[in-house]
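First the structure, in the form of structure tokens, and then the observations on it.
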Amino acid sequence: MGKKIPVWQILLLIVVMVGALMFTVLKKEGYMHGILAMVLCLACIIAMLNGYKWSYLQSAMINKISSSMEAVLIFITVGMLVAMWISGGIVQAMIYYGLKILSPQIFLVASCILCAIVAIATGSSWTTAGTIGVALMGIGVTMGISAPLVAGSIISGAYLGDKMSPLSDTTNLAPAMAGAKLFDHIGHMVWTVTPSLIVSLIIYFILGLGVDTSSATTSDIEALQQVLKDNFNLNPLLFIAPILVVVMAIKKLPALASIFIGAMVGLIFVPIFQGGSLADAACYELYAGYVSETGDAFVDELLTRGGIESMFYSTSLCLIALAFAGVLESSGMLASLCKILLRVAKTNGLLIMITLFTCIIVNILCADQYISIVLPGAMYKEEFENRRLKAKNLSRCLEDAGTLSSPLIPWTTCSAYMQGALGVNTFAYAPFAFLNWICPLISLFYGFTGISIEKMTEEEYEEAMARREEEQKRAAEAIEA
């Protein structure tokens, strides 16, 4: 073990990390993986200069990654599921029937709901905004609705669906960092998401009342539905797959098993409903994803995705971020930062406020929602346990602030993507992404009032302490070895 690392060295590391990541995102528009790996190396150097051995740091990185390996496996399985649900026609059926709720008279409300449906089906806010979101932008602007307002409704719906979908990478990452179970985490988020959605939809409805809609855009929707109908079998029996996954979630079957079974059901549906080759789906599409060849450029872009390969970006960035968190944690750097911040967290409400604040600050500084979940999760996990607060309270905070603030900060990867996909500047659409603002505020309100903040039973607390002791013991044994 080394000595306590001076605060100035920790701050130096943070400044270098922030500067390098902002340069990468804003100036070079490149990938953050390499830069984050270099920052990881710098963190190791600082730790070693203060007496920490490489074997200790390496073990810490491996242990941190191992603790979230279930989430990594889920990432890979989600890629398989998305590919099979598209190849089997399940996603197409969800989009086709989902479009039927799109009424020009309540366009903003409908676009928010539709994006939520697609995001829940695909597990991706990026996929939703970059495909159906683009179509909704064109339709909304044609109706006479301002582009920033349309973009705001799309982002609200897309991030709601992403946040609540068991297929989403961040929805799996947050409970993994907090030590919560996936479906417990999703169920706990209902407390903050439901009122946020209701308030957002009311605002969109009121704003939409003054819009002079045009029935001409109905043809665009019908054309999209026709392409789907002409190229795929949209039998309602396809909904067996998502219903099965929901039932397994309700029965609290492990998420990895539920998603894998869902993917296999999609694989079986390929020959049954779409007349495709089971061998091709298994040998090619499970890994490389589904490639749509309808001849319609928009539909092909919408449906060409999925596969194990599609999850490599998220998985690799997550692994590097976890390794970085492992070094910060094992060297005491996170503990030092925690002590500074926790000085003001005298109550559970203040602890939740600090957690939400930290997620947003990390998003601002690091420009990535994965890091804004990984670092605060590692920083505050033990403090939540010490106060006997269930892990799902922490995981909900990580999503309410980390996930939802990411598209509102102009230089984050999420914001950059949304600007490019929707063609609207972040500063223009951000005020209208109502759900992304309201949800963290409701989470903060719950923190101070105690509403939905669940505490551990004595048995759960003892299990958490035993688990922590076991993890520390394994880490010590790994170092000695």
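Key figures for this structure:
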read-out: Residues located in region 348-371, provided they are surrounded by 19 or more Cβ atoms within 10 Å (Cβ to Cβ) and at pLDDT below 90; value: 362, 363, 365, 366, 367, 368, 369, 370, 371
read-out: Subset of region 315-366 [closer than 20 Å to residue 393 by Cα, under 20 Å from the mean Cα position of the chain (by Cα) and of a type in the set (Val, Ile, Thr)]; value: 352, 355, 358, 360, 361, 362
read-out: Criterion violated by residue 88 - all others in (1) within 17 Å of residue 168 (Cβ to Cβ); (2) in contact (Cβ under 8 Å) with a residue 40 or more places away in the chain; (3) not hydrophobic (A, V, I, L, M, F, W, C) satisfied; value: (1)
read-out: Test: residue in region 51-66 that is under 16 Å from residue 316 (Cα atoms) and free of Cβ contacts under 8 Å to residues at least 24 places away in the same chain; value: yes
read-out: Residue in region 213-228 that is among the acidic types (Asp, Glu), in the same structural domain as residue 82 (by TED's automatic domain parsing), within 16 Å of residue 135 (Cβ to Cβ) and at pLDDT below 95 present; value: yes
read-out: Residue check for residue 331: farther than 22 Å from residue 50 by Cβ and either among the aromatic types (Phe, Trp, Tyr) or buried (at least 17 other Cβ atoms within 10 Å of the Cβ) (or both); value: no
read-out: Residue in region 361-370 that is acidic (Asp, Glu) and not in a loop (DSSP other than H, G, I, E, B) present; value: no
read-out: Residue count for region 138-157, restricted to those that are within 13 Å of residue 128 (Cα to Cα) and among the β-branched types (Val, Ile, Thr); value: 2
read-out: Hits in region 357-373 (condition: over 25 Å from residue 445 (Cα atoms) and either touching a His at 6+ places or on another chain (Cβ under 8 Å) or not hydrophobic (A, V, I, L, M, F, W, C) (or both)); value: 368
read-out: Selection from region 58-104 of residues that are of a type in the set (Ser, Thr, Tyr) and either under 30 Å from residue 143 (Cβ atoms) or at pLDDT 90 or above (or both); value: 59, 87, 96, 97, 103
read-out: Qualifying positions in region 287-340 - of a type outside the set (D, E, K, R), more than 30 Å from residue 382 (Cα to Cα) and not in a helix (DSSP H, G or I); value: 289, 290, 291, 292, 294, 295, 304, 306, 307
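Okay, residues lined up against (1) of a type in the set (Lys, Arg); (2) in contact with a His (Cβ under 8 Å, 6 or more places away or on another chain); (3) at negative phi:
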position: 29; (1), (2), (3): no, no, no
position: 35; (1), (2), (3): no, no, yes
position: 48; (1), (2), (3): no, no, yes
position: 64; (1), (2), (3): yes, no, yes
position: 75; (1), (2), (3): no, no, yes
position: 82; (1), (2), (3): no, no, yes
position: 94; (1), (2), (3): no, no, yes
position: 99; (1), (2), (3): no, no, yes
position: 115; (1), (2), (3): no, no, yes
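The values are calculated or read from the model by the stated rules, or taken from the named source; none is laboratory data. All figures in this text were calculated on a predicted structure; none of them were measured in a lab. Please note: Cβ atoms are built from the backbone with ideal geometry, for glycine as well, and neighbour counts cover all protein chains shown.
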